[in-house]
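Okay, structure first, notes after.
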Amino acid sequence: MEQKYIPGDVEQKWQAFWEDTKTFRVTEDTVKQKYYLLEMFPYPSGRIHMGHVRNYSIGDVVGRFKRMRGFNVMHPMGWDAFGMPAENAAIQNRSHPAQWTYENIDYMRGQLKKLGLSYDWDRELATCNVAYYRWEQKIFLEMFRRGLAYKKTSFVNWCPRCETVLANEQVEDGGCWRCDSEVKQKELDQWFFRITDYAEELLEWTHKLPGWPERVLTMQRNWIGKSFGCEIDFARDNGSGTIKVFTTRQDTLFGATFMSLAPEHPLAMDLTTPDRQHEVSAFIESVRKTDRIKRTAEDFEKEGVFTGSYCINPVTLVQMPIYLANFVLMDYGTGAVMAVPTHDQRDFEFAARYGLPLRVVIQPEGETIEPAMMTEAYTESGVMANSGQFDGMKSDDAKEAIADYLQSKGIGTKTINFRLRDWGISRQRYWGNPIPVIYCDACGVVPVPEKDLPVELPVDVLFTGEGGSPLARLESFINVPCPVCGKPARRESDTMDTFVQSSWYFLRYCCPDSHDAPLDRSKVDYWMSVDQYIGGIEHAVLHLLYARFFTKVLRDMGYVSCDEPFTNLLTQGMVIKDGAKMSKSKGNVVDPNALIEKYGADTARLFSLFAAPPEKDLDWSDKGVEGSFRFLNRVWKLVHDRLETVRNAGPVDISSLDGEERTLRRSVHKTIRKVTEDLDERFHFNTAIAAVMELLNTLQAFDATTPQSGPIVKEALDSLILMLSPFVPHISEELWQHLGHTDRLSDAVWPEYDRNAAVDEELLIVVQVNGKLRSKITVAAETPEETIKAAALADEKVQPFLIGVQIRKVICVPGKLVNIVAG
RNA sequence: GCGAGAGUGGCGGAAUUGGCAGACGCACCAGACUUAGGAUCUGGCACCGUAAGGUAUAGGAGUUCAAGUCUCCUCUCUCGCACCA
């Protein structure tokens with residue numbers, strides 16, 4: 001009597017088994033080789049989506065495969081649980097963010113368990129739990145002590161109605177994404193992490209991470225943006241001080257005819273002459289109103305205003321008018337630029353608009369440019385001109401020479417500049433980790449003493465949606481005696497950016513129950529670094545850069561030994577349907593629950609692994625899902641059809657196999673080799689699955705009445721199930737049991753292939769004439785090259801192409817092809 | 001603009017070191033079983049051609065006995081950065 005494949009029953013049974021026996025719990029084991037496998041933890045938004053299914057299915061295959069290969073696999077899961085949506089939901093539902101978050105976590109944990117993922121749930125953590133964030137506060141204090149956390153004023157996007165800071169991506173067309181009010185640039189006192197201290201090391205290591213995709217490394221390098229240049233001092237023409245600029249093009253110094261300053265430049269008003277006051281103030285105000293996104297768009301009109309002051313070009317002694325310009329950024333370089341309109345496109349446009357002089361100082365090889373003929377700046381390298389003693393030099397060489405000259409004259413210094421800015425972590429929100437600092441009128445900024453940690457988020461908070469941080473309004477939280485002098489003081493009401501939590505969660509997984517320190521070094525050192533990290537490309541810069549930074553900081557504090565957190569990184573592609581990323585607004589969302597309900601988790605996993613290689617986008621196809629389901633049904637049916645054949649089968653007697661049996665066995669061992677290589681070295685899950693499908697096809701066609709069918713088919717089925725188990729663990733466990741195994745598949749060992757069995761006895765040799773396929777011949781494996789050549793030349797399909805031509809050469813690629821060159 | 005990646009049947013995708021282009025799956029077509037099938041099984045399936053054969057990996061050149069794969073040029077698309085001085 002044949003059983004039917006009912007995924008729901010099978011999956012429930014094995015999920016309960018794995019959970020009850022804690023199959024995937026791990027501890028440090030010095031005998032086995034460790035393997036730390038990690039997927040990016042999710043934000044508990046409510047329910048999982050197909051992107052999660054894909055991400056975690058990929059991870060699970062790797063985890064189960066490595067486990068079968070004998071590794072001590074740590075595979076944890078947790079929740080990136082602080083963040084704005086919880087707060088918004090709380091305002092909407094008049095509830096508490098914690099309630100919303102924990103309910104979501106419970107629901108999503110259930111969903112993940114329904115996917116049969118091999119997590120060690122004993123290591124689960126949620127970043128909103130005080131047991132987690134308290135340690136982050138301690139780390140913060142240590143960073144504060146080391147000067148790595150500091151406060152400074154900076155401009156931020158500010159919604160006056162919501163009374164909160166907005167991230168750049170939350171500003172839409174200059175308005176607040178929530179209430180549409182005009183977003184202002186507001187100067188606020190904010191906490192920062194000094195990531196720039198690590199810029200050099202972060203950059204350097206991008207060249208020492210061979211396990212990372214090149215494009216992620218490139219993005220990080222661009223983000224860090226190291227550039228070599230000079231800082232040059234330009235004296236005011238009235239002798240009252242100097243203005244410092246940064247340039248990478250000191251070779252164009254002789255062409256600098258005016259100067260541009262950022263409107264926010266501290267000297268802006270000082271430089272402004274009384275008659276220009278009105279105009280300049282108006283300009284500064286209008287720039288300040290424009291949001292940063294608009295202002296930095298390429299097609300934004302270059303505008304400026306003359307301050308009325310001048311400075312002196314230190315090499316030409318030409319008087320240069322000083323402008324404020326909207327395209328000069330205060331937070332890059334020194335906020336002041338020497339303008340060379342002939343060799344910089346922006347300066348060219350600016351000069352054209354305001355009628356400023358041009359002076360060509362670099363001529364292209366074999367050409368002469370006149371300012372009057374120029375329609376755009378010449379930005380390439382060339383030969384120096386109009387540049388005093390540097391004339392005739394190649395501009396690339398002049399860069400170094402002019403830098404040396406400036407340095408020797410004390411006018412400038414060679415400098416290295418980074419685009420990377422310090423990481424602003426202050427958020428005027430409730431649902432985050434409170435920054436453990438107290439402000440005292442007498443003592444200033446006072447860190448919360450460690451004995452007073454944690455600063456817990458108060459529970460009795462009202463979420464009215466009236467704007468501003470709920471913490472700032474909560475007197476019972478804000479008012480606190482100063483830890484130093486005991487006088488009344490105020491608590492910091494800002495919380496930390498949620499990227500802070502995700503910058504070290506992978507370390508905490510190593511020792512989730514460390515109760516007296518953020519990290520337990522011996523455990524962390526056993527598990528770190530993460531051997532394989534898997535997640536979306538959208539985190540290529542921010543999260544991955546912050547996590548690298550934190551690892552280095554914690555290393556310098558003595559918490560960990562490794563320099564880098566993630567040895568290998570896999571960035572998986574998006575899940576696409578009908579040509580677009582799945583989204584509610586597009587209406588092309590596939591709900592994992594419905595999918596599991598209808599086909600089971602195994603099918604959902606199988607399809608998301610089979611349809612595309614992991615790093616590419618996956619095109620969702622409902623028909624394709626059915627194909628995967630069909631395949632599992634065929635596997636189920638085949639196993640049951642062959643149960644009689646396989647019953648009581650002993651070991652294979654290799655010496656007495658007949659031809660067909662040997663052929664089947666060869667397919668089995670070749671498949672094992674292929675699947676092992678695809679999983680181990682390449683993460684080519686789609687081709688590995690394809691190979692197993694082929695084996696199924698072969699097995700189905702095999703006539704199971706030969707003398708040794710029992711042992712041979714049993715070996716084939718066992719191997720097939722073993723190979724499928726990382727992809728579709730539930731049905732595999734079940735069929736493994738049906739095949740009569742008393743051990744659990746989750747404890748089984750990955751099959752080894754038999755080299756001898758995988759070798760072909762006969763080889764198919766392709767015969768080409770002048771590179772064109774003309775025939776195929778079959779020869780025994782050990783046939784000497786000369787015999788193969790002779791057979792190829794004598795082949796009847798080849799013969800007609802050799803008539804009337806002279807054979808010049810015969811190329812023989814052993815085991816593959818013969819190419820007859822004739823003409 | 002700069003940087004990275006990609007372009008292969010009707011579709012998703014294979015082709016690991018330069019060596020049979022299109023594995024595997026989807027869709028489609030035909031057949032079998034069936035009262036019936038949107039279940040299952042068998043076979044077919046790049047294009048042109050009755051065939052022999054020819055043509056095909058975005059387009060063009062090149063290297064090679066042999067190119068999807070290597071080199072150069074052009075086009076298209078995707079992603080990232082983008083007034084960074």
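Since every read-out is calculated from the coordinates, none of them should be taken as a lab result. Everything numeric here is computed off the predicted structure, so don't read it as measured data. With ideal geometry, Cβ positions are generated from the backbone for all residues, glycine too; neighbour counts draw on all protein chains shown.
Would you list, by chain and number, the lysines whose Cα falls below 16 Å from the Cα of A:K586, excluding same-chain residues fewer than 8 positions away?
Cross-link targets: A:K577.
Taking a temperature of 25 °C and a viscosity of 0.890 mPa s, what whole-number D in µm²/s does Stokes-Einstein yield for chain A with Rh from Kirkwood over alpha carbon pairs?
Values: Rh = 32.1 Å.
Roughly 76 µm²/s, to the nearest whole number.
For A:I243, what charge total do you get from the other residues with a beta carbon under 13 Å from its beta carbon, if Lys and Arg give +1 and Asp and Glu give -1?
Residues close to A:I243 contribute a combined charge of -2.
Give, to the nearest whole percent, the P(r) tail of the stretch A:672-730 beyond 12 angstrom, counting all Cα pairs.
On the way: 1166 of 1711 pairs.
Everything past 12 Å amounts to 68 percent.
Per residue, how big is the convex hull of the stretch A:9-138 when only Cα atoms are used? Give it in Å³.
Hull volume normalised by residue count: 130 Å³.
Mind listing the Cα extents of the stretch A:477-552 along all three principal axes, in Å, largest one first?
Computed over the Cα atoms, the extents are 51, 32, 19 Å.
In nm, what is the difference between 0.36 nm times the number of residues separating A:T23 and A:S621 and their Cα-Cα distance? Intermediate results must be reported in sequence, preceding the final value.
Values: separation 598, 0.36 × 598 = 215.28 nm, distance 3.34 nm.
Separation in residues times 0.36 nm, less the Cα-Cα distance, equals 211.9 nm.
Rounded, prolate or oblate, given the Cα gyration tensor of the stretch A:567-641, with a/c below 1.5 counting as rounded? Before the final figure, lay out the partial values.
Working: a/c = 2.42, a/b = 1.45, b/c = 1.67.
Cα axes put the stretch A:567-641 in the oblate bin.
Highest mean first, how do A:493-501, A:734-742, A:585-593 rank when packing is the count of other Cβ atoms within 10 Å averaged over residues? Each step should come with its number before you reach the end.
Values: A:493-501: 22.9, A:734-742: 17.3, A:585-593: 13.7.
Packing order, densest peptide first, comes out as A:493-501, A:734-742, A:585-593.
Can you tell me the dipole magnitude for the stretch A:239-284 around its Cα centre, using point charges on the Cβ only (Lys, Arg +1; Asp, Glu -1), in Debye to the nearest 20?
Working: 3 positive and 5 negative charges, 30 e Å.
It comes to approximately 140 debye.
In terms of Cα to Cα distance under 25 Å, which lysines are near enough to A:K151, apart from those fewer than 8 places away along the same chain?
A:K138, A:K184, A:K186, A:K226, A:K244, A:K289, A:K451, A:K487, A:K552
Semi-axes of the equivalent ellipsoid of the stretch A:609-656: what are they in whole Å, largest first, if each equals the square root of 5 times a C-alpha gyration tensor eigenvalue?
Details: eigenvalues 252, 52, 7 Å².
Each semi-axis is the square root of five times an eigenvalue, giving 35, 16, 6 Å.
Find the percent of Cα-Cα distances in the stretch A:333-463 that exceed 19 Å, and round it to a whole number. Please report the intermediate quantities before stating the final value.
Working: 5957 of 8515 pairs.
In whole percent, the share of Cα-Cα pairs in the stretch A:333-463 beyond 19 Å is 70.
Could you please rank A:S561, A:S309, placing first whichever residue has the fewest other Cβ atoms within 10 Å of its Cβ? Provide the component values of the computation, followed by the final result.
Numbers: A:S561 11, A:S309 21.
Neighbour counts put them in this order, fewest first: A:S561, A:S309.
Enumerate lysine pairs in the stretch A:678-823 that are 8 or more residues apart or on different chains, then count those whose Cα atoms are under 19 Å apart.
Going through the stretch A:678-823 pair by pair, I get 13.
Please work out the Kirkwood hydrodynamic radius for the stretch A:711-798, using every pair of different C-alpha atoms, and report it in angstroms with one decimal place. Intermediate values should be presented prior to the final figure.
Values: mean 1/r = 0.0603 Å⁻¹.
When all Cα pairs of the stretch A:711-798 are included, the Kirkwood radius is 16.6 Å.
Among A:E597, A:E492, A:E475, which comes first, then next, by fewest other beta-carbon atoms within 10 Å?
Values: A:E597 12, A:E492 21, A:E475 7.
Lowest to highest Cβ neighbour count: A:E475, A:E597, A:E492.
Treat each spin label as a single point 7 Å out from the Cα along the C-beta direction, and report the A:S583 to A:D563 distance in nm.
Output for this residue pair reads 4.1 nm.
About the Cα centre of chain A, how large is the charge dipole given +1 on each Lys and Arg Cβ and -1 on each Asp and Glu Cβ? Please answer in debye to the nearest 20.
Working: 95 positive and 116 negative charges, 81 e Å.
Using Cβ point charges on Lys, Arg, Asp and Glu, chain A gives about 380 debye.
Across all directions of projection, what mean area in square nanometres is found for the Cα convex hull of the stretch A:200-295?
Working: hull surface 38.5 nm².
About 9.6 nm², averaged over all directions.
Across 5 Å bins from the origin, how do the percents of Cα pairs in the stretch A:513-605 run, short distances first?
Each 5 Å bin holds this share of Cα pairs: 3, 11, 13, 15, 14, 11, 10, 11, 9, 4, 0.
Output the peptides A:101-112, A:698-709 sorted from most to least packed, where packing is the average of other Cβ atoms within 10 Å over each peptide's residues. Don't skip to the end; give the middle numbers.
Details: A:101-112: 17.0, A:698-709: 14.8.
Highest to lowest by the protection proxy: A:101-112, A:698-709.
For the residue pair A:R221 and A:D9, what label-to-label distance in nm results when each label sits 7 Å from Cα along the Cα-to-beta-carbon direction?
Roughly 5.8 nm, to one decimal.
Per DSSP H run of n ≥ 4, the term is -39500 (n - 2.57); total these for chain A, divide by its residue number, and report the mean residue ellipticity at 222 nm rounded to 500 deg cm²/dmol.
Values: 26 runs with 290 residues, N = 823.
Value at 222 nm, helices only: -10500 deg cm²/dmol.
Calculate I(q)/I(0) for the stretch A:345-413 by the Debye formula, one identical point scatterer on each C-alpha and no solvent, and give its log10 at q = 0.17, 0.22 Å⁻¹ to two decimals.
Rounded to two decimals, the profile gives -0.71, -1.00.
In the calculated pair distance distribution of the stretch A:115-171, what percentage of Cα-Cα distances lie above 20 Å?
Numbers: 990 of 1596 pairs.
Of all Cα-Cα distances in the stretch A:115-171, 62 percent exceed 20 Å.
Classify the stretch A:604-688 as rounded, prolate or oblate from the Cα gyration tensor: take a ≥ b ≥ c as the square roots of its eigenvalues, call it rounded if a/c is under 1.5, otherwise prolate when a/b beats b/c and oblate if not.
Details: a/c = 3.41, a/b = 1.66, b/c = 2.06.
In terms of gyration-tensor shape, oblate.
Which value, in Å³ per residue, describes the convex hull spanned by the Cα atoms of the stretch A:89-240? Display every interim value, and only then the final one.
On the way: hull volume 40.5 nm³, N = 152.
Convex hull of Cα atoms, per residue: 266 Å³.
Once you wrap a convex hull around the alpha carbon atoms of the stretch A:324-381, what is its projected area averaged over all directions, in nm²? Let's see the in-between values first.
Details: hull surface 17.8 nm².
Hull-based average projected area comes out at 4.4 nm².
Take the Cα atoms of the stretch A:268-422, build their convex hull, and give its volume per residue in Å³.
On the way: hull volume 22.7 nm³, N = 155.
Residue-normalised Cα hull volume stands at 146 Å³.
Provide, in order from the shortest bin, the percent of all Cα-Cα pairs of the stretch A:637-754 in each 10 Å bin, continuing until the bin that contains the maximum pair distance.
In whole percents, the pair-distance histogram is 13, 48, 34, 5.
For the stretch A:390-540, what does the equivalent ellipsoid look like in terms of its semi-axes, each the square root of 5 times an eigenvalue of the Cα gyration tensor, given largest first in whole Å? Please list the in-between numbers first.
Values: eigenvalues 386, 147, 67 Å².
Calculated on Cα positions only, the semi-axes equal 44, 27, 18 Å.
What fraction of the DSSP beta bridges in chain A is antiparallel, stated in percent and rounded to the nearest 5? Display every interim value, and only then the final one.
Values: 75 of 96 bridges.
Once the DSSP bridges in chain A are tallied, antiparallel ones form about 80 percent.
Rounded to whole Hz and in sequence order, give me ³J(HN,Hα) for the stretch A:373-380 from the Karplus expression 6.51 cos²θ - 1.76 cosθ + 1.60, θ = phi - 60°, writing x for Gly and Pro.
8, 6, 10, 8, 6, 9, 9, 7
Over 19 Å between Cα atoms: which of A:K581/A:K616; A:K113/A:K598; A:K208/A:K616 fall into that group? Spell out each step's value before the answer.
On the way: A:K581/A:K616 13 Å; A:K113/A:K598 17 Å; A:K208/A:K616 24 Å.
Those over the limit are A:K208/A:K616.
About the Cα centre of the stretch A:735-823, what is the dipole size in debye to 20, counting +1 per Lys and Arg Cβ and -1 per Asp and Glu Cβ, all else neutral? Before the final figure, lay out the partial values.
Details: 10 positive and 12 negative charges, 157 e Å.
Its charge dipole is roughly 760 debye.
Give me the compactness ratio for the stretch A:762-819, meaning the Cα radius of gyration over 2.2 N^0.38 Å. If you can, show how the numbers build up before the last one.
Working: Rg = 10.5 Å, N = 58, 2.2 N^0.38 = 10.3 Å.
Normalised Cα radius of gyration, the stretch A:762-819: 1.02.
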